[in-house]
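Participant: This is the structure I want to talk about, given as structure tokens.
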Amino acid sequence: MTLTLEVFSRFQSATDANKLLYTPIADQLTYNHTRLYTVECEGDTAAARDYLRRVLVDEISQQVKDDGTPALSGELFCISYGIKKGALDLEKEAILANYRGRKGLPFTITALTITQKVYVFGQGDKDALAARFCRDVCNPAIHTWSVK
């Protein structure tokens, strides 16, 4: 079974997208970001979902979408990027260490993927802007990415 949890701040609204770029652009764009956890598991999926919510989400400051639909909408484009296989992902390792440290869980996590999602809002040449943001946000040595 595949579980997805897209976690985002309750209190952070879209802000100036120039903060993501090495040099500012004239377009009036804003952005917001989320973290998407994709977990492959076997066994009791309700227990797995509950465990993941407790481990990954701060109920006071964060919200989570776990129905497979995007957490945000209305974007010009969205960049999804994550750590390449084989590169050290400290967050992933910490989550898996927590999981391995728990005994008697009624489920097994077989795979975990963490994806950063950057939603960019506004108007402009979507393809050119997406290429510019990918170049400044993503590091080809350690990241894989896609644009939607």
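Participant: Taking the range 108-129 on its own, how many of its residues are among the aliphatic types (A, V, I, L, M) and closer than 20 Å to LEU72 by Cβ?
Facilitator: Looking only at that region, the number is 4.
Participant: If you scan the range 75-129, which residues turn out to be small (Gly, Ala, Ser), open to solvent by less than 40 Å² (accessible area, probe 1.4 Å) and within 16 Å of VAL7 (Cβ to Cβ)?
Facilitator: Scanning the range 75-129 gives SER80, GLY82.
Participant: Here are the criteria: (1) in a loop (DSSP other than H, G, I, E, B); (2) touching a residue at least 60 places away in the same chain (Cβ under 8 Å); (3) open to solvent by 70 Å² or more (accessible area, probe 1.4 Å). Tell me which single one LEU72 does not satisfy.
Facilitator: (3)
Participant: Now for a separate question. Of the residues that sit in the range 1-26 and are among the hydrophobic types (A, V, I, L, M, F, W, C) and over 25 Å from ILE83 (Cα atoms), which one is farthest from the chain's Cα centre (by Cα)? Quick ask: steps written out before the conclusion?
Facilitator: Here is the first cut: in the range 1-26, the ones among the hydrophobic types (A, V, I, L, M, F, W, C) are 1, 3, 5, 7-8, 11, 14, 17, 20-21, 25-26.
Subsequent filtering for residues that are over 25 Å from ILE83 (Cα atoms) retains 11, 25-26.
Values: PHE11: 17, ILE25: 25, ALA26: 27 Å.
Looking at the filtered set, the residue picked out is ALA26.
Participant: Where residues in the range 27-60 are within 16 Å of the chain's Cα centre (by Cα) and in a loop (DSSP other than H, G, I, E, B), which of them is surrounded by the fewest Cβ atoms within 10 Å (Cβ to Cβ)?
Facilitator: Among them, the one singled out is ASP58.
Participant: While we're looking at this one, here's another question. I need the full set of residues from the range 130-148 which are closer than 12 Å to CYS78 by Cα and surrounded by fewer than 16 Cβ atoms within 10 Å (Cβ to Cβ), in order please.
Facilitator: Within the range 130-148, ALA131, SER146, LYS148 meet the criteria.
The values are calculated or read from the model by the stated rules, or taken from the named source; none is laboratory data. These numbers come from a predicted model, not from an experiment. Note that each Cβ is placed from the backbone with ideal geometry, even for glycine, and that neighbours are counted across all protein chains shown. The area values use the complete protein model at the heavy-atom level, side chains included, leaving out ligands, DNA and RNA. Shrake-Rupley method; radii C 1.70, N 1.55, O 1.52, S 1.80 Å.
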